[in-house]
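Here is the structure we will look at.
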Amino acid sequence: MSIAVFASGSGSNFQTLVEESRRQQWPLPIRLLVCDKPGAKVLERAEQLGVPAVSVSPKEFVDKAAFEAFLLSELSKHQIEWIVLAGYMRLIGSTLLEAYPWRIVNIHPSLLPAFPGKNAIEQAVEYGVKVSGVTVHFVDAGMDTGPIIAQVPVQLDEQDNVESFAAKIHQAEHRLYPEVVYRLITGAVTAPGRIG
Ligand code: GAR
């Protein structure tokens, strides 16, 4: 049994998750990267870290169900038990949701339900909030919805701009996400409605 990370972009969270999982010798290894953006930087990171990657664009399939059916077959080849979204900028469809009930988690760079969707960091800076943060939640069919597992606040200081605030957010993500994923895979956090 193992973990897959889904990512679309730079992959700093993916890299931190892999490094922490190895340093802490997690009982389940991260055995697969799924990337829906051929050419994304996260693919280079996977190669450097020696994590097998599936790079596939949904455009190659007739619809989302066909795309996810292909992903499912890749996931079962690697005996994937958990799906960890780390900057995967696409809604998860019913095929994956049904195959992995409450076994898909996501990280989002705001204190949800504030600023869902894309550019959450920019949205927070533009709005002028004094505090934003990071949320880890179970994934359902919505956009950055689903039961919240953990949140940490990040202060937006007067001198912060998008770049400096993004750096603070990423630092918080890199601390929080490995900790929460570890708690999930070891059963210290359980899915909604599930006992034990
Ligand atoms: C992270 O900040 C993550 O929270 C965000 O994408 C970034 C990926 O960074 N995800 C979302 O906005 C999901 N709605 P990374 O590629 O460096 O890990």
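Tabulated data for the structure shown
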{"quantity": "Residues (over 29 Å from SER94 (Cβ atoms) and open to solvent by 10 Å² or more (accessible area, probe 1.4 Å)) located in the range 129-153", "calculated": "VAL129, LYS130, VAL131, VAL152, PRO153"}
{"quantity": "In the range 133-188, the residues that are basic (Lys, Arg) and farther than 20 Å from SER21 by Cβ", "calculated": "LYS168"}
{"quantity": "Those residues of the range 168-185 which are open to solvent by 60 Å² or more (accessible area, probe 1.4 Å) and of a type outside the set (Lys, Arg), in sequence order", "calculated": "HIS170, GLN171, GLU179, TYR182"}
{"quantity": "Yes/no for LEU156 being surrounded by 15 or more Cβ atoms within 10 Å (Cβ to Cβ), over 17 Å from the mean Cα position of the chain (by Cα) and modelled with pLDDT of 95 or more", "calculated": "yes"}
{"quantity": "Residues satisfying the stated conditions in the range 1-31, i.e. away from the ligand (no atom under 16 Å from the Cβ), open to solvent by 20 Å² or more (accessible area, probe 1.4 Å) and not in a loop (DSSP other than H, G, I, E, B)", "calculated": "ARG22, ARG23, ARG31"}
{"quantity": "Residue match in the range 44-62 (condition: free of Cβ contacts under 8 Å to residues at least 40 places away in the same chain, touching a Ser or Thr at 6+ places or on another chain (Cβ under 7 Å) and part of a helix (DSSP H, G or I))", "calculated": "no"}
{"quantity": "Condition check for VAL34: within 16 Å of the ligand (Cβ to nearest atom), more than 24 Å from GLY142 (Cβ to Cβ) and touching a residue at least 12 places away in the same chain (Cβ under 8 Å)", "calculated": "no"}
{"quantity": "ALA172 being touching a helix residue (DSSP H, G or I) at 6+ places or on another chain (Cβ under 7 Å) and at pLDDT 95 or above", "calculated": "no"}
{"quantity": "Candidates LEU85, LEU112, LEU72, filtered to the one that is hydrophobic (A, V, I, L, M, F, W, C), touching a Ser or Thr at 6+ places or on another chain (Cβ under 7 Å) and within 30 Å of ASN161 (Cβ to Cβ)", "calculated": "LEU112"}
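The values are calculated or read from the model by the stated rules, or taken from the named source; none is laboratory data. As the structure is a computational prediction, the values presented were derived from the model and not from experiment. Because the Cβ atoms are built from the backbone with ideal geometry, glycine has one as well, and the counts that use them run over all protein chains shown. Accessible surface is based on the protein model in full, side chains and every heavy atom, while ligands, DNA and RNA are left aside. Shrake-Rupley method; radii C 1.70, N 1.55, O 1.52, S 1.80 Å.
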